[in-house]
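Participant: Dropping a structure here in structure tokens format, bear with me for questions.
The values are calculated or read from the model by the stated rules, or taken from the named source; none is laboratory data. For clarity, every value in this text was computed on a predicted model and none was experimentally measured. Here the Cβ positions follow ideal geometry from the backbone for every residue, glycine too, while neighbour counts run over all protein chains shown. All accessible areas refer to the heavy atoms of the entire protein, side chains included, with ligands and DNA or RNA removed. Shrake-Rupley method; radii C 1.70, N 1.55, O 1.52, S 1.80 Å.
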Amino acid sequence: MDRRIAIALRCLFLVALASLAAPPPALADRQQDPALGRFLQKTLKEAPCFEDEFEQKVWLATMEPKLLKLVKDEQERAEILHHVFCEARRLQLPPGLVMAVIDVESRFDRWAVSSAGAVGLMQVMPFWPNQLGMTNSELVRIPQNVRMGCTILKFYLDREKGDYTKALARYNGSVGRRNYADLVLTRLANRWQYR
């Protein structure tokens, strides 16, 4: 069996086991808003990415050296950078903000599973793939995880009228607390700022 498939199956098993073994923590929102579900279904479609080759080269030259320290595999690094930029562009999100969220959520480990059962780079809750006609194995796939995570983040930014602190707290399930938002915004300012 392929090592990655074995790891993905183990992650999914751990997520299932964690959800059965312990009651979910009392976190606000937990990405279960019905309006968010409708928004995800409406916006999960392809869109153009880079305007031209120059734009792509500038993005890669700016971010690739920073990501090299965290993601050693060249192909995985390129895939993350491509999909972060494309999804950010599609949803009119700052791509540096998405990089900061991923940094805080998973340290760019696409196999990460949180104690609450969130999975992948952007720590998407495992009920979303089922609601969107996808499979849980897609949570550890870079394109699908980044697409779902960015769409959720955009939904919360729109809901909070562009207030990063409030939107990030919703994304993390920590409404009313600033710790998570402050951590993401600090990473954005110190490491992932773009333009």
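Participant: Evaluate the distance, in nm, between pseudo-label points positioned 7 Å from the Cα of Ala189 and of Asp109 along their respective Cα→Cβ axes.
Facilitator: Computed distance between label sites Ala189 and Asp109 equals 2.8 nm.
Participant: Take the solvent-accessible surface of the protein heavy atoms, probe 1.4 Å, and return the percent of it on the stretch 129-195 that carbon and sulfur atoms account for.
Facilitator: Whole-percent figure for carbon plus sulfur exposure: 44.
Participant: Follow-up question, since we're still on this one. In the stretch 49-151, which trypsin sites (Lys or Arg not before Pro) are in a loop and have at most 11 other Cβ atoms within 10 Å, using DSSP for the loop call?
Facilitator: For trypsin sites (Lys or Arg not before Pro) across the stretch 49-151 that sit outside H, G, I, E and B with at most 11 neighbouring Cβ atoms in 10 Å, the list reads Lys69, Lys72, Arg107.
Participant: Please work out the FRET efficiency for the pair Lys66 and Asp158, using the Cβ-Cβ distance as r and a Förster radius of 30 Å; give the result to the nearest 0.05.
Facilitator: Efficiency, rounded to the nearest 0.05: 0.60.
Participant: Could you give the length gained on full extension between Gln131 and Gln92, defined as 0.36 nm per residue of separation minus the Cα-Cα distance, in nm?
Facilitator: Taking 0.36 nm per residue and subtracting the Cα distance, the gain is 11.6 nm.
Participant: Moving on. Does the stretch 143-195 come out rounded, prolate or oblate by the C-alpha gyration tensor, with a ≥ b ≥ c the root eigenvalues, rounded set by a/c under 1.5 and, if not, prolate when a/b is larger than b/c and oblate if not?
Facilitator: Oblate shape, in that a/c is at least 1.5 and b/c is the bigger or equal ratio.
Participant: Could you give the accessible area per residue of the stretch 84-195, probe 1.4 Å, as a whole number in Å²?
Facilitator: Per residue, the stretch 84-195 has 39 Å² of solvent-accessible surface.
Participant: Something else: Considering Cα pairs under 8 angstrom that are at least six residues apart, work out the relative contact order of the stretch 57-163 and quote it in whole percent.
Facilitator: It rounds to 21 percent for the stretch 57-163.
Participant: I'd like the distance between the alpha-carbon centres of the stretch 111-187 and the stretch 53-102, rounded to an integer number of Å.
Facilitator: Answer, in whole Å: 17.
Participant: A follow-up question, please. Using a ≥ b ≥ c from the Cα gyration tensor of the stretch 64-195 (square roots of the eigenvalues), is it rounded, prolate or oblate, where a/c under 1.5 gives rounded and otherwise the larger of a/b and b/c decides, a/b for prolate?
Facilitator: rounded
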